[in-house]
Amino acid sequence: MGVGSRLRSALRTLLHKQRVETELDAEIRSYVDAIAGEKIADGVSPVEARRQALAECGGLEQVKQAVRDQRASTIVESIVQDIRYGLRQMRHNPAFAWTAVITLGLGIGATTAIFSAVYALLLRPLPYPGSDRLMFIYQHTKYGDGALLDRDFVAAQSALRPFESVAGYFGPADENLTGVGAPMRVSAMRVTANFFPTLRVAPALGRNFISSDDGNGGAAVVILSHRLWQSRFNSNHAIIGRTITLAGKAQTVVGVLPAHFVFPDPAAEPDLYVPAGMDPDTSLKTTNISIWGVLTIARLRDGVTLPQAQADLNLFEQNRVKGYGPFFVNWAQGRKIIAQPLQRYLTEDDREPLLILLACVGAVLLIACVNVANLQLARTVARQHEMALRGALGAGRLRLIRQFLVESLTLAAIAAVMGLGIAGVVTWLIRRGGMPGEFSAGSQIGELLQAPFGKLSAAVQVNG
Amino acid sequence: MEGNQANLLQGTLDLLILKAIGDGEFHGLGIARRVEQITRGTFKVRPGSLFPALYRMEEAGWLKSFWGESENNRRAKYYRRTKAGERQLGIETEQWATIARAIASALKAN
């Protein structure tokens with residue numbers, strides 16, 4: 001108890017320091033006066049009475065100091081004093097202060113900027129609900145890693161029990177969009193009807209594809225990206241049901257995606273989506289058919305683990321090979337069909353270089369800390385006289401240590417502010433240099449995270 | 001006992017002050033006198049420990065202070081016990097009774 005009232009009282013003392021001090025003085029004076037008054041009434045001379053009263057009290061200043069020492073605000077006041085003192089020290093020795101602040105600032109800035117990138121690309125969950133259940137399924141053959149064959153994919157859609165849904169996409173293909181203003185090239189991605197439901201994304205306008213859209217060749221329907229809808233169709237809400245001409249073919253617009261939607265593979269970023277329209281025939285007997293790869297995203301059922309799903313995929317692979325023609329049996333020798341977390345798959349290429357970069361800037365920060373610690377040490381030697389003097393005047397060991405800690409913290413705080421500035425500039429540069437869409441989605445959150453991380457870096461320095 | 005003032009536990013001083021004030025209103029000197037009186041002169045509270053204790057207890061919300069006129073028409077700061085102070089008195093009385101019983105039984109043991 002009493003924490004609240006202590007805080008309130010500390011605040012009052014800090015805000016009305018003068019009045020609190022005056023009242024304390026008045027109170028103790030009235031105490032002494034009262035004792036002196038009694039003595040005078042007893043017949044002691046006024047001067048002697050006052051002397052005796054003061055002696056009984058043990059000194060006005062001592063009493064006042066004893067009261068101040070246990071006030072909740074005292075610690076705050078003395079820390080403010082320490083900070084002021086630290087700042088004065090820096091002004092007296094600008095060469096040291098600037099060296100330390102710039103060294104630390106650069107270290108903190110670089111680390112924070114790279115960490116922002118690492119966070120945005122590797123750590124931040126994918127922007128889909130329940131994204132940790134999303135898996136990417138691919139095949140590993142003796143010819144290398146690749147997407148599932150379309151016929152295997154269609155078979156997998158109905159055969160794989162551990163997954164809630166198995167969705168696929170392929171493309172994008174550049175198509176001519178005509179009929180609305182000047183003709184333009186758009187990138188069209190072919191997706192299965194369950195693609196957006198698997199990602200748990202609902203269109204902002206209109207509807208998703210339905211399974212009847214997905215029939216052989218695909219129905220003549222299209223879902224627009226928010227970007228294309230805004231730039232090409234002036235965000236017209238009456239677009240649903242209208243016909244656009246894509247590659248010379250009339251297609252009906254059935255939906256518009258929400259503004260925040262990003263395609264799982266940010267490098268693709270399609271303008272619009274058309275049904276995959278896959279052949280329901282799953283046989284792979286002759287080579288006299290056209291086959292292509294389907295990139296596969298599946299949502300794991302709740303309660304199913306990845307190893308369980310993988311066991312099912314192995315079984316599925318064996319069953320498939322039994323129905324293959326001789327060419328495909330040979331081709332599929334030693335093949336594995338593998339599921340891995342979608343995020344892992346999408347960030348695979350960036351992972352290693354980014355982590356190495358993070359380790360590098362981390363090392364730079366550590367070196368910066370060591371350098372500043374060395375500078376501090378050298379300065380401490382130069383300040384031995386000052387410390388000896390303060391010790392002789394009665395400053396306790398803890399008080400002196402606190403002084404040094406507060407000075408280091410002040411230095412680190414200034415460096416952290418500067419580091420955040422540098423990080424902001426660097427992040428901006430990375431974003432401008434990076435591919436469109438790659439950074440833009442994660443950057444706000446990345447920047448948000450800079451603040452605590454910068455402070456963390458600052459905290460590391462204090463130990464130095 | 002005056003030489004032994006340093007041994008006066010902080011908790012004991014709080015207890016004595018809360019008890020001395022009771023439901024009345026006292027200034028600093030009044031409280032010191034009242035403590036001396038109710039302990040039959042055993043405890044003489046010096047300003048060096050009285051005022052820090054009063055300020056601490058006010059910060060904790062057990063006491064409330066206000067300025068008023070003293071008996072001989074001087075301005076003085078008066079203290080009154082709060083509801084929280086009353087509760088604290090109950091708690092500390094309880095604690096003290098426990099300690100006293102424990103010490104007494106320890107001394108009787110052989």
Taking amide H positions as placed in the peptide plane 1.01 Å from N, state which residues far from A:Val221 in sequence (5 or more) or on other chains have amide H under 5 Å from it.
A:Thr252
Relative to the Cα centre, what is the charge dipole magnitude of chain B, using +1 at the beta carbon of each Lys and Arg, -1 at the beta carbon of each Asp and Glu, and rounding to the nearest 20 debye?
100
Under a plain spin-label model, where a point goes 7 Å from the Cα along Cα-to-Cβ, how far apart in nm are A:Asn371 and A:Gln318?
6.1
When the dipole is taken about the Cα centre of the range A:143-333, and only Lys, Arg (+1) and Asp, Glu (-1) are charged at their Cβ, what size is it in debye, to the nearest 20?
320
Enumerate by residue number the trypsin sites (Lys or Arg not before Pro) in the range A:204-298 meeting two conditions: DSSP loop (anything except H, G, I, E, B), and at most 15 other Cβ atoms within 10 Å of the site's Cβ.
A:Arg207, A:Arg242, A:Lys285
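Across peptide B:55-63, how many C-beta atoms of other chains are within 10 Å of each residue C-beta, on average?
Values: counts 11, 7, 1, 3, 13, 7, 8, 3, 0.
For this peptide, the per-residue mean of nearby foreign Cβ atoms is 6.
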Neighbourhood charge, 13 Å Cβ-Cβ cut-off, centred on B:Glu25 and excluding it, Lys, Arg +1 and Asp, Glu -1
+2
Using a Förster distance of 22 Å, the FRET efficiency for B:Arg46-B:Leu107 (Cβ separation, nearest 0.05)
0.15
The farthest towards the positive end of the charge dipole of chain A, of the residues A:Ser78, A:Ala110, A:Ala423, given +1 on Cβ of Lys and Arg and -1 on Cβ of Asp and Glu, is A:Ser78
Karplus-derived 3J(HN,Hα) from phi for the range A:47-52 (6.51 cos²θ - 1.76 cosθ + 1.60, θ = phi - 60°), whole Hz, x at Gly and Pro, runs 5, 5, 4, 5, 4, 5
Relative contact order of the range A:143-333: what whole-number percent is it, with Cα pairs under 8 angstrom and at least 6 residues apart?
32
Give, in nm to one decimal, the length gained when the segment between A:Arg351 and A:Asp42 is fully stretched (0.36 nm per residue of separation minus the Cα-Cα distance).
102.2 nm
In nm, to one decimal, how far is the A:Gln52 label point from the A:Lys17 one, both placed 7 Å along Cα→Cβ?
4.0
Distance from the range A:79-119 to the range A:132-175 (C-alpha centre basis), Å
51
Among A:Leu365, A:Gly218, A:Pro183, pick out the residue whose Cα is farthest towards the positive end of the charge dipole of the protein assembly as shown, where Lys and Arg carry +1 and Asp and Glu carry -1 on C-beta, about the Cα centre.
A:Leu365
Counting Lys and Arg as +1 and Asp and Glu as -1, each charge on the Cβ, what is the dipole of the protein assembly as shown about the Cα centre in debye, to the nearest 20?
1100
If I model a spin label as a point 7 Å beyond the Cα along the Cα-Cβ vector, how far apart are those points for A:Thr74 and A:Arg242 in nm?
7.6
Using +1 at the C-beta of Lys and Arg and -1 at the C-beta of Asp and Glu, which of A:Gln308, A:Thr296, A:Pro326 has the Cα lying farthest in the positive direction of the dipole of the range A:251-362?
A:Pro326
The long-range amide H neighbours of B:Glu25, using H built 1.01 Å from N in the peptide plane and a cut-off of under 5 Å, are none
Top of B:Gly30, B:Gly90, B:Gly68 by mean-square fluctuation, Gaussian network on chain B, Cα under 10 Å
B:Gly68
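Once the other residues with Cβ under 11 Å from the Cβ of A:Ile244 are scored (Lys, Arg +1; Asp, Glu -1), what is the net sum?
For residues surrounding A:Ile244, the net value is +2.
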Could you please state, rounded to a whole Å, how far the C-alpha centre of the range A:53-75 is from the C-alpha centre of the range A:314-342?
86
Based on Cα positions only, what radius of gyration and what Dmax would you give for chain A, in angstroms?
36.2, 129
Could you list the trypsin sites (Lys or Arg not before Pro) in the range A:114-172 that lie in coil according to DSSP, counting only those with at most 14 other Cβ atoms within 10 Å of their Cβ?
A:Lys142
Give the distance, in whole Å, between the Cα centre of the range A:352-400 and the Cα centre of the range A:230-257.
63
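Bear in mind these aren't lab numbers, they're just calculated from the coordinates by the rules spelled out. Here the structure is a predicted model, which means the values were calculated and not measured. Methodologically, a virtual Cβ is constructed for each residue, glycine included, from the backbone with ideal geometry; neighbour enumeration extends over all protein chains shown.
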